[in-house]
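Report on the structure given below.
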Amino acid sequence: MLRLTNVNKYYSDKHIFKNINLDLAQQTFALIGEDGAGKTTLRCGC
């Protein structure tokens, strides 16, 4: 299981993610969203 709990991300003074919580029971999943939605940021924590 993959569990993200209260994930927060800031770029300079801009709060990008606020208290993201996610539980994944399967090993394979897809992150789907529009351009600029934060998929890569959430995936790699860049």
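What follows draws every value from the coordinates through simple rules; no lab data is involved. Everything numeric in this text was worked out from a predicted model, so none of it was measured. Positions of Cβ are backbone-derived with ideal geometry, glycine not excepted, and every protein chain shown enters the neighbour counts.
Restricting the chymotrypsin sites (Phe, Trp or Tyr not before Pro) of the chain to loop positions (DSSP other than H, G, I, E, B) with no more than 16 neighbouring Cβ atoms within 10 Å leaves 29. The mean sequence separation of alpha-carbon pairs under 8 Å and at least six residues apart, normalised by the residue count of the chain, gives a relative contact order of 32 percent. Put a plus charge on the Cβ of each Lys and Arg, a minus charge on the Cβ of each Asp and Glu, and nothing anywhere else: the dipole of the chain about its Cα centre is then about 120 debye. Computing Kirkwood radius over Cα pairs in Å for the structure here picks out one of [x] 12.6; [y] 10.9; [z] 11.7, namely [z].
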